[in-house]
1. When B:Thr328 is evaluated against the numbered criteria (1) assigned to a loop (DSSP other than H, G, I, E, B); (2) within 16 Å of the ligand (Cβ to nearest atom), which criterion, by number, is the only one it fails?
2. Cβ contacts < 6 Å: first residue within 12 Å of chain B (Cβ to nearest Cβ), restricted to segment A:155-181; second residue part of a loop (DSSP other than H, G, I, E, B) and among the β-branched types (Val, Ile, Thr), any location; separation 6+ or different chain. Result?
3. Just for segment A:211-259: of the residues that are assigned to a helix (DSSP H, G or I) and within 14 Å of chain B (Cβ to nearest Cβ), which one is surrounded by the fewest Cβ atoms within 10 Å (Cβ to Cβ)?
4. Looking for whichever is part of a helix (DSSP H, G or I) and away from every other protein chain (no Cβ under 14 Å) here; the options are B:Val385, B:Val431. Which one fits?
5. Out of B:Pro213, B:Pro254, B:Pro235, B:Pro241, which single residue is under 23 Å from B:Thr372 (Cα atoms), of a type outside the set (Gly, Ala, Ser) and either within 12 Å of the ligand (Cβ to nearest atom) or out of contact with any strand residue (DSSP E or B) (no Cβ under 6 Å at 6 or more places or on another chain) (or both)?
6. Answer with yes or no whether A:Gly198 is in contact with a helix residue (DSSP H, G or I) (Cβ under 6 Å, 6 or more places away or on another chain) and within 13 Å of chain B (Cβ to nearest Cβ).
7. At pLDDT 90 or above, more than 18 Å from B:Gly367 (Cβ to Cβ), at the interface with another protein chain (Cβ under 7 Å from one of its Cβ atoms) and surrounded by 16 or more Cβ atoms within 10 Å (Cβ to Cβ): does that describe A:Ile103?
8. Restrict the check to segment B:338-350 and report whether at least one residue is farther than 28 Å from B:Ala422 by Cβ, of a type in the set (A, V, I, L, M, F, W, C) and surrounded by fewer than 23 Cβ atoms within 10 Å (Cβ to Cβ).
Amino acid sequence: MSFKPLVLLSLLLPGVAGASTFMPPAATVTAGEVDSVYAFLLITSLISFIILIGGMIFFVFKYKRKSATDKTAYITHDHTLEFVWSFIPFLIFMFVFAWGWKIYHDMRHSPEGALEVHVMAKKWDWRFLYKNGKEVTSGLDDKGQKAPATMVVPVGKPVKLIMASEKISAGSTDPMDRPVLHSFFIPAARIKQDVVPGRYTTMWFQLDQPGDYWVFCTEFCGSGHSAMKARISAVPVADFEKWLAAEGTGEMTLADKGRALYSSKACAGCHSADGTRVVGPTFKSAWGASRDIEGGGKATVDENYVRESILNPNAKVAAGYPAGVMPTFAGQLSDDDVKALIEFIKTLK
Amino acid sequence: MATATAHHENSNYLNHEKGLWSWLTTLDHKRIGLLYFITVALFFLVGGIFALLIRTELYSVGETIMTAEQYARVMTYHGAVMVFLVIIPGIPAFLGNFFLPIQIGAKDVAFPRLNLLSWYCLLLGAGIALTSLFFGGADTGWTFYTPYSIKHSPAVICMALGVFVAGFSSILTGLNFVVTTHKLRAPGMTMNRIPLFVWALYSTAIIQVLATPVLGITVLLLAAENIFGIGFFDPALGGDPVLFQHFFWFYSHPAVYIMILPAFGVISELITTFARKTIFGYTAIAYSSLAIAAVSFFVWGHHMFVSGQSEFAGIVFSFLTMLVGVPTAIKLFNWMATLYKGSINLSAPMLYALGFMFLFTIGGVTGIFLATIATDVHFHDTYFVVAHFHYVMVGGTLMSIMGGIFYWFPKMFGRLCNDAWARVSFVFIFVGFNVTFFPQFVLGSLGMPRRYFDYLPEFQHLNRISTIGSYLIGIGFIVGLITIIHGLLKGEKSGPNPWGGKTLEWTTASPPPHENFLTTPVVTAGPYEYR
Ligand SMILES: [Cu+2]
């Protein structure tokens, strides 16, 4: 009995241990780590399956009914056995839990100095906005077919995505045209993150192999869901710099656009950029700072905090400042304007 | 035992009263069970047709037999019908209704009128939900995620209200089972002697009673948002779309156990009878059901690892989900140990039980891939998840429904199904199932997202295999249906205990008399006394 499964196992294990059995080639360090957990799970699953189902089949043949009056053993329980088969799975589960946690932690924390790219999802397309104002959208290929937007990134450098969901047409007042959930999934990087309307979500990755990778939308978003794809092209750093500076670059960087809005929308009247206190808190060194919130609690000044402060200023009022003074800019600033202001505040170190 | 004496032999619950009206107003739990059987079977047919349409569309890249808009609807109705109208009521309301009272030696459930009402709730709920088809159909997927589902569309409103009403069916059944189990047990039937099927139904009932109201509230909020434009979930109105997911999964994760716990119960009955052996680890199996029911309320966030919920929440949910794995593993080992030194009869019900173990083991271990947070980030919302929950829900629940039907058929109707044909149905379903869903694990690993109308050309090969498998499953169920109809009309007379079972239902006549037993049984031993 024990012989055959062992042979089978020894045949299967090397294949499985190749780590990415059934998985697309791993393109990031994280993906490699995910594949190690995956390989471990695959092997332990296979062994458990062989024990359980092998055992089941073996018993079925060994103890096949011989006569209508067969007597059977009266075995009600066995504490040792029951302990063993509860405790061993428990240990394995705790082990993979901890392992999975460690990798997940790395997935959630982008390294300092990552290249930041804004990603916009809408029914049913992706759009990428770089800090220098360069925008990448989908287009048409030579055959007139839709060519997905291609985000170009440098090989071996961390890239952080700041993602938002948008309406189909930016200024639309059609109540049916509302931003919905999407999810940004890069199979080769083993990573995905939902894009949630009304807030920014972030994810990061670092592609270590040059090449082109697929991005799929994995949150059902309507009939165009499966057509909602994008490409990521990882190229050597020098090529990336050249591409970033080349044609299609916006007239100004996001931060410059933000600075212009800062003056034109009269933010400057209430917020200084040099540290002096006017009506509201200064923007200087605001980015990343921790704020005491009126009524208790703390908040870090990040993308979501600034966005909320602009669109819904009274949701969180910075302690020591008057509530109800800052007007809401919802409806007056476009999604892209808000991003520009965020990028501007980021630059005020 | 000789409770069925000669002159009572012809009086049973089927001929106790006559005519359609007597069925529509019946308070007999057995008849209500059969009403559920017929309705659930019809819904299964509907859901199954939607399933085959999905697979046919996915046979080739690009548009095959329908448009993307139609596909979104077919997929939604497949999921909603199968979950809310087939798998949730399937075992408890049909097999449970019929056998829970008999297995504990009761004359009926505690509240027969509520029991009948529950059936009408299901019908009404289903009616309302399916009305949505006349409003263009809902295209949200069975999970109704906001804000996509906020479209002020009558179709979504109908679906939500339908699910709301059908939920009462589930609550009432659960309530009935809890009270019946506590109050109506025959003399001597202590809680340590109730069959494991009853334990499973009891644990399920607790979830039904506690979790279903949350679903009710959630879909009502969704309906209110659709009708009145109140911003619960729409960020444009100050709502939170992710809150919907919390609400939805707070019910729908425990609901997964509403779907699978009763199946565990059926399997314990099948394995003991067909191995003619007492169950290994009665207490462990009984209490592991309760443990699963309890923990199931605290794991909903494992559906939301990439939703933007905090890292801390993700870790806690991953941890708790792992804990559910332990009682599940315990059950599998117990069933296997029960086979040891048994006397195993490979009749069709047993084949279904063994098939269940095979498929459920695969469903179970792949659950660990999804509970492990790092791998879940990759697998989430891909075909890997689709394959996983079909291995659990279909491989688990449907296999055990089929096994349970063939097992209890002689008791319900006093006739036997043709075992050979029942086994043929098993072979088709079992083989077809693996052909359909195993490739989906691979597709998911390769990165194919779920709810995809179209896919990359490199995924076509595996999709084709999967589609062919689904036709095999279809054939299997047709063979099963014919076997059942043939058994009803022409089946051999069975006698009270054709399989040599030890639980109480086998001591009464087949079909059982109106109030189950001619004299109330007195219980002196546990349920599986094969000595
Ligand atoms: Cu779940």
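The values are calculated or read from the model by the stated rules, or taken from the named source; none is laboratory data. Because the structure is predicted, anything quoted here is derived from the model rather than measured. In this analysis, Cβ positions are derived from the backbone assuming ideal geometry, glycine residues included, and neighbour counts consider all displayed protein chains.
1. Going through (1) assigned to a loop (DSSP other than H, G, I, E, B); (2) within 16 Å of the ligand (Cβ to nearest atom) one by one, B:Thr328 breaks only (1).
2. If the second residue must be part of a loop (DSSP other than H, G, I, E, B) and among the β-branched types (Val, Ile, Thr), the pairs left are A:Asp177/A:Ile168.
3. Checking each candidate, the answer is A:Ala227.
4. B:Val431
5. When all the criteria are applied, what remains is B:Pro254.
6. So A:Gly198 fits the description; yes.
7. In short, yes.
8. no
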